[in-house]
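Visitor: What follows is a structure written as C-alpha coordinates; I'll ask about it next.
The values are calculated or read from the model by the stated rules, or taken from the named source; none is laboratory data. What you are looking at is a predicted structure, and each value in this text was computed from that prediction instead of being measured. For neighbour counting, all protein chains shown are included, and Cβ atoms are generated from backbone atoms with ideal geometry for every residue, glycine included. Protein only, heavy atoms only, side chains kept; ligands, DNA and RNA dropped before computing areas. Shrake-Rupley method; radii C 1.70, N 1.55, O 1.52, S 1.80 Å.
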Amino acid sequence: GLVFGVTAPLDANVGHVVNLYDARNYGSGAFAEMKVENATVLQSITNKMIRPDMAAELAKSTWTSMKFNKAGNQILVTTNKGLVLMVDGYDGKLTHTFICTSADGNPGTEPSAACWSSDDKTILCGNEDGSLFVYDATSGDTLRKMKGHVGR
(Lines give C-alpha, C1' and ligand atoms only; values in the text may rest on other atoms or scores of the structure.)
Protein backbone atom coordinates (compact mmCIF):
# COMPACT_ATOMS: atom_id res chain seq x y z
CA GLY A 1 0.00 0.00 0.00
CA LEU A 2 0.86 3.65 -0.07
CA VAL A 3 2.06 4.79 3.35
CA PHE A 4 2.97 8.30 4.42
CA GLY A 5 4.16 9.79 7.68
CA VAL A 6 3.39 13.00 9.53
CA THR A 7 5.58 14.29 12.33
CA ALA A 8 5.05 16.85 15.06
CA PRO A 9 6.93 17.92 18.19
CA LEU A 10 5.85 16.33 21.46
CA ASP A 11 4.54 18.52 24.28
CA ALA A 12 7.21 20.39 26.26
CA ASN A 13 9.65 19.85 23.36
CA VAL A 14 10.78 16.44 24.68
CA GLY A 15 10.95 14.87 21.22
CA HIS A 16 8.88 14.16 18.14
CA VAL A 17 6.03 11.86 17.22
CA VAL A 18 5.64 10.16 13.83
CA ASN A 19 2.19 9.02 12.77
CA LEU A 20 1.96 6.60 9.84
CA TYR A 21 -1.10 6.51 7.60
CA ASP A 22 -2.36 4.26 4.84
CA ALA A 23 -3.35 6.64 2.04
CA ARG A 24 -6.26 4.39 1.04
CA ASN A 25 -7.67 4.44 4.61
CA TYR A 26 -6.66 7.92 5.74
CA GLY A 27 -10.06 8.50 7.35
CA SER A 28 -9.41 5.64 9.77
CA GLY A 29 -6.55 7.59 11.35
CA ALA A 30 -2.95 6.63 11.90
CA PHE A 31 -2.21 2.91 11.97
CA ALA A 32 1.05 3.46 13.88
CA GLU A 33 2.49 6.08 16.21
CA MET A 34 6.16 6.23 17.08
CA LYS A 35 7.87 8.57 19.53
CA VAL A 36 11.50 9.61 19.33
CA GLU A 37 12.58 11.37 22.50
CA ASN A 38 15.29 14.01 22.62
CA ALA A 39 17.03 12.08 25.42
CA THR A 40 17.52 9.13 23.06
CA VAL A 41 18.88 11.43 20.35
CA LEU A 42 21.19 13.11 22.89
CA GLN A 43 22.59 9.75 24.01
CA SER A 44 23.33 8.78 20.41
CA ILE A 45 24.97 12.15 19.64
CA THR A 46 27.06 12.04 22.82
CA ASN A 47 28.60 8.80 21.56
CA LYS A 48 29.94 10.78 18.58
CA MET A 49 32.36 12.87 20.69
CA ILE A 50 30.46 16.15 20.29
CA ARG A 51 30.80 18.79 23.00
CA PRO A 52 28.01 18.33 25.59
CA ASP A 53 26.50 21.79 25.05
CA MET A 54 26.45 21.28 21.28
CA ALA A 55 25.01 17.77 21.64
CA ALA A 56 22.20 19.09 23.85
CA GLU A 57 21.36 21.76 21.27
CA LEU A 58 21.41 19.28 18.38
CA ALA A 59 19.12 16.86 20.24
CA LYS A 60 16.45 19.59 20.35
CA SER A 61 16.69 20.33 16.62
CA THR A 62 13.48 20.89 14.71
CA TRP A 63 12.68 18.15 12.21
CA THR A 64 12.41 19.50 8.67
CA SER A 65 11.72 16.43 6.50
CA MET A 66 11.22 12.66 6.49
CA LYS A 67 12.03 10.22 3.71
CA PHE A 68 11.33 6.48 3.60
CA ASN A 69 13.85 4.12 2.04
CA LYS A 70 12.64 1.98 -0.89
CA ALA A 71 11.99 -1.00 1.38
CA GLY A 72 9.86 1.21 3.64
CA ASN A 73 11.51 -0.08 6.80
CA GLN A 74 13.68 2.96 7.61
CA ILE A 75 12.94 6.68 7.80
CA LEU A 76 15.55 9.37 7.25
CA VAL A 77 14.84 12.58 9.20
CA THR A 78 16.61 15.87 8.49
CA THR A 79 16.74 18.73 10.97
CA ASN A 80 17.39 22.45 10.97
CA LYS A 81 20.89 22.16 12.50
CA GLY A 82 22.96 19.67 10.52
CA LEU A 83 21.68 16.55 12.27
CA VAL A 84 20.22 13.62 10.33
CA LEU A 85 18.47 10.71 12.05
CA MET A 86 17.69 7.21 10.84
CA VAL A 87 14.58 5.81 12.51
CA ASP A 88 13.24 2.28 12.21
CA GLY A 89 10.04 2.48 10.16
CA TYR A 90 8.28 -0.20 12.21
CA ASP A 91 9.01 0.60 15.84
CA GLY A 92 10.43 4.14 15.79
CA LYS A 93 13.74 3.11 17.34
CA LEU A 94 16.59 5.50 16.59
CA THR A 95 18.97 3.47 14.44
CA HIS A 96 21.72 6.00 13.62
CA THR A 97 22.53 9.68 13.93
CA PHE A 98 24.62 11.49 11.35
CA ILE A 99 26.15 14.91 11.95
CA CYS A 100 26.94 16.89 8.82
CA THR A 101 29.77 19.13 9.93
CA SER A 102 30.99 22.21 8.13
CA ALA A 103 34.60 22.98 7.20
CA ASP A 104 35.31 24.19 10.76
CA GLY A 105 34.23 20.82 12.20
CA ASN A 106 31.03 22.13 13.79
CA PRO A 107 27.53 20.94 12.88
CA GLY A 108 25.83 22.99 10.21
CA THR A 109 23.67 25.94 11.15
CA GLU A 110 21.21 25.43 8.29
CA PRO A 111 18.97 22.48 7.46
CA SER A 112 20.81 19.47 6.13
CA ALA A 113 19.79 17.66 2.98
CA ALA A 114 19.84 13.87 3.01
CA CYS A 115 18.70 11.03 0.80
CA TRP A 116 19.01 7.28 0.34
CA SER A 117 21.02 5.77 -2.49
CA SER A 118 18.93 3.86 -5.05
CA ASP A 119 19.90 0.54 -3.44
CA ASP A 120 19.24 1.71 0.18
CA LYS A 121 22.84 0.82 1.11
CA THR A 122 24.20 4.33 1.58
CA ILE A 123 22.99 7.70 2.78
CA LEU A 124 24.12 10.98 1.27
CA CYS A 125 24.07 14.10 3.46
CA GLY A 126 24.96 17.62 2.52
CA ASN A 127 25.17 20.94 4.32
CA GLU A 128 25.32 24.66 3.63
CA ASP A 129 29.03 24.81 2.82
CA GLY A 130 28.57 22.26 0.04
CA SER A 131 30.23 19.36 1.90
CA LEU A 132 28.86 15.93 1.10
CA PHE A 133 29.00 12.95 3.44
CA VAL A 134 28.45 9.34 2.42
CA TYR A 135 27.42 6.92 5.18
CA ASP A 136 26.88 3.18 5.27
CA ALA A 137 23.17 2.69 6.02
CA THR A 138 23.71 -0.54 7.96
CA SER A 139 26.66 0.37 10.19
CA GLY A 140 26.30 4.16 10.21
CA ASP A 141 30.01 4.48 9.41
CA THR A 142 31.30 7.39 7.36
CA LEU A 143 32.42 6.04 4.00
CA ARG A 144 33.51 9.33 2.51
CA LYS A 145 33.52 13.08 3.10
CA MET A 146 33.89 15.47 0.20
CA LYS A 147 34.61 19.17 0.61
CA GLY A 148 32.18 21.54 -1.00
CA HIS A 149 32.76 24.42 -3.35
CA VAL A 150 30.04 26.97 -2.68
CA GLY A 151 29.68 29.60 -5.36
CA ARG A 152 31.34 27.62 -8.14
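Visitor: Placing unit charges on C-beta atoms (Lys and Arg positive, Asp and Glu negative, everything else neutral), compute the dipole magnitude of the chain about its Cα centre in debye, rounded to 20.
Guide: Using Cβ point charges on Lys, Arg, Asp and Glu, the chain gives about 300 debye.
Visitor: Sticking with this structure for a sec: Could you work out how much longer the chain between K93 and D53 gets when fully extended? Use 0.36 nm per residue separation minus the Cα distance between them, nm to one decimal.
Guide: 12.0 nm
Visitor: If you roll a 1.4 Å probe over the chain with all protein chains in place, what percent of the accessible area is carbon or sulfur?
Guide: Taking all protein chains in place, the chain shows 52 percent carbon and sulfur surface.
Visitor: In Å², what does the accessible area per residue of region 37-152 work out to with a 1.4 Å probe?
Guide: 53 Å²
Visitor: Could I ask something else about it? Express in whole angstrom the spacing between the alpha-carbon centres of region 113-136 and region 1-74.
Guide: If we compute the Cα centre of each part, the gap is 18 Å.
Visitor: Next question, about the same structure. Can you give me the Rg/Rh ratio for the chain, using Cα atoms for both radii and the Kirkwood formula for Rh?
Guide: Result for the chain is an Rg/Rh of 0.98.
Visitor: Here's something else I'd like to know. Which entries of K93/K147; K48/K81; K35/K145 show an alpha-carbon separation above 27 angstrom in the structure shown?
Guide: Long pairs (Cα-Cα over 27 Å): K93/K147; K35/K145.
Visitor: Hey, in the GNM for the chain with a 10 angstrom Cα cutoff, which one of F68, F98, F31 fluctuates hardest?
Guide: Largest GNM mean-square fluctuation: F31.
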